[in-house]
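> One structure, as structure tokens, below. Some questions next.
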Amino acid sequence: MVGAAAGESSYEQHDDGFPSMTKFVVRPSGPLAGSVRVSGATKNLGCKVMAAALLAPGTTVIRNLPRVDDLDVMIDLLRAIGARVELVGDDGLTIDASGDLQPEAPYELVSRMRASFNVLGPLLGRCGEARVAMPGGDAIGNRKLDMHLNGLRAMGARVESSHGYVVAWSDGGLLGARHVLEFPSVGATENLLTAAVRAKGTTEIDNAAREPEITELCAVLNRMGAHVVGGGTSTIVVEGVDELVPVETELIGDRIEAGTFLMACGIAGGEIELTGTQLDHVEMVVRKLGEMGMLVSSTSDGLWARAGRRLTAVDIATLPFPGFATDFMPMAVALLAVSSGTAIVTENIYDGRFQFVDELARMGADVRNEGRHAVVRGVERLSGAPVRAADVRAGAALTIAGLAADGETIVYDCEHVDRGYANLPASLRALGADVHRVA
């Protein structure tokens, strides 16, 4: 687990009825100011590039890979499969997949992180077989695997689900095929991509995910020797190749972290600068923040933002990229909770994403949730309270909500937050926030 960084304050345990565990302590500190660098996208891109490295015998090098907890899980998984993985410096990693691989991903690892399921495509593409446990991850709703498995079947794989595992094999190798995803699933697009690069012939993935992480994964595969056209569009065409080679690559900035900092500024007010990110990765968030009265613009190497007054509520509906990402939704609800007016938030991706609103209500937020919709009536200030983080983004939302809460907010179960943020308290402190980790 990611530990406290140098300079983290040590607080005494609080007698609040909760058992002792990792937690964040947040106190109001006024408007934000300063600059912070956005970390590399380990969770949503780095772990997928690590899986793709299994396709290429030799040593792959990945840089700008911050040490989030999901990285530890992926390292353990690749080692269990037979790759040699070494950390290099503060944010580098090497993966040597030269030897024979054991095409099995065990339950005790895959159950800890859903991205672990992304080894299915590379293992099937390289080894012709794979046995991968059903995935785990955040408790944010039902995420079926049918789109992954049906796409592999379209390429000639035989796929069975039994005793908590997906078993896939192809006696004569995968064959190129056209497959239409019923929904632009990021995970399914990634698994089909990494299987198709070693298939015989042409594979066409229609209604593919268009997220920046997909575009980057396609670019990495092409540098490895694949022939992939259309990354970042709804139709991706892959010409299968006989072999791939390892590469050196550097991750793009984490757009979800960038959006978290922008909405933290909206909650606390102030003027901040983010480096290591780009506008087109968070364009819908920036558009919504602009409608609410916040100023955001591009800089030479990132973004500048200012919130000079209390923002005005706007309706939000989550959609696949380039729409408003579901990962931004909890932070957006926290922002709307202290904005002026009433907004309706609609979650179109995951059916269990609103679990965090009960915790936000403990802080005085006026949020009414039914099914995939929530009505948020803004209040002037929240009230500090002990709350629990149910998942990585919920924990981030509760943390930044504490910036506009009177008194002390204590966010428990922050192991979830550490899965996706290298050190959220330290990053927020760089912008002037009073946020500390208690180990």
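> Can you figure out the FRET efficiency of residue 146 with residue 206, using R₀ = 22 Å and their beta-carbon distance, to the nearest 0.05? List each step's numbers first, then the result.
Details: r = 16 Å, r/R0 = 0.73.
The pair residue 146/residue 206 has a calculated efficiency of 0.85.
> Can you give the charge dipole size of the chain about its Cα centre, rounded to the nearest 20 debye, using +1 on the beta carbon of Lys and Arg and -1 on the beta carbon of Asp and Glu? Intermediate values should be presented prior to the final figure.
Working: 39 positive and 56 negative charges, 119 e Å.
About 580 debye.
> Another question, if that's okay. What order, most packed first, do the peptides 252-261, 422-431 have when packing is the mean number of other Cβ atoms within 10 Å of each residue?
Highest-to-lowest ranking by the protection proxy: 252-261, 422-431.
> With the crude spin-label approximation of a point 7 Å out along Cα→Cβ, what separation in nm comes out for residue 160 versus residue 235?
Distance between label points: 3.7 nm.
> So, one more: Lys/Arg Cβ at +1, Asp/Glu Cβ at -1, dipole of the chain taken about the Cα centre: which of 298, 110, 318 is farthest positive-ward?
It is 318, whose Cα lies furthest towards the positive end.
> Still on this structure: Using a Förster distance of 56 angstrom, determine the FRET efficiency expected from the C-beta separation of residue 358 and residue 297, and round it to 0.05. Kindly include the intermediate steps, with their values, before the conclusion.
Working: r = 36 Å, r/R0 = 0.65.
Given R0 = 56 Å and the Cβ-Cβ separation, E is 0.95.
> On to the next question. Roughly how many debye, to the nearest 20, is the charge dipole of region 320-396 about its Cα centre, given +1 on each Lys and Arg Cβ, -1 on each Asp and Glu Cβ, and no other charges? Working shown, then result.
Details: 8 positive and 9 negative charges, 25 e Å.
Value, rounded to 20: 120 debye.
> Spelling out what I want: for every residue of region 266-282, take phi, set θ = phi - 60°, compute 6.51 cos²θ - 1.76 cosθ + 1.60 (Karplus), and round to whole Hz; glycine and proline get x.
With the stated coefficients, region 266-282 comes to x, 6, 8, x, x, 9, 9, 10, 10, 10, x, 9, 8, 4, 5, 7, 10 Hz.
> A further question follows. Along the charge dipole of the chain, pointing to its positive end and built from +1/-1 on Cβ of Lys, Arg, Asp and Glu, which listed residue (328, 152, 376) has its Cα farthest out?
Of 328, 152, 376, it is 376.
> Further question: Go through region 290-299 residue by residue and turn each phi into a ³J(HN,Hα) via Karplus (6.51, -1.76, 1.60, θ = phi - 60°); whole Hz please, and just put x for glycine and proline.
So the Karplus estimates, Gly and Pro as x, are x, 4, 7, x, 9, 9, 9, 8, 6, 10 Hz.
> Something else now. Would you kindly derive the ³J(HN,Hα) couplings of region 202-213 from the backbone phi angles with the Karplus curve 6.51 cos²θ - 1.76 cosθ + 1.60 (θ = phi - 60°), listing them in order in whole Hz, with x for Gly and Pro?
Values, residue by residue: 9, 10, 10, 9, 9, 6, 6, 5, 10, 4, x, 5 Hz.
> A further question on this structure: Could you work out the helix-only [θ] at 222 nm for the chain, with each DSSP H run of four or more residues adding -39,500 (n - 2.57) and the total divided by the number of residues, to the nearest 500 deg cm²/dmol? All intermediate terms of the calculation are to be shown ahead of the outcome.
On the way: 14 runs with 122 residues, N = 439.
Dividing the helical sum by the residues of the chain leaves -7500 deg cm²/dmol.
> For region 167-315, give the magnitude of the charge dipole about the Cα centre (Cβ charges: +1 Lys/Arg, -1 Asp/Glu; no others), in debye to the nearest 20. Each step should come with its number before you reach the end.
Numbers: 11 positive and 22 negative charges, 94 e Å.
It works out to roughly 460 debye.
> Let me ask something else. Which one of 236, 275, 226 is farthest out on the positive end of the charge dipole of region 225-315, using unit charges on Cβ (Lys, Arg +1; Asp, Glu -1) and the Cα centre as origin?
Working it through, the farthest residue towards the positive pole turns out to be 275.
Every number in this text was worked out from the coordinates using simple rules, so none of it is lab data. Not measured: the values here are computed from a predicted model. Glycine also receives a Cβ, built like all others from the backbone with ideal geometry; neighbour counts cover every protein chain displayed.
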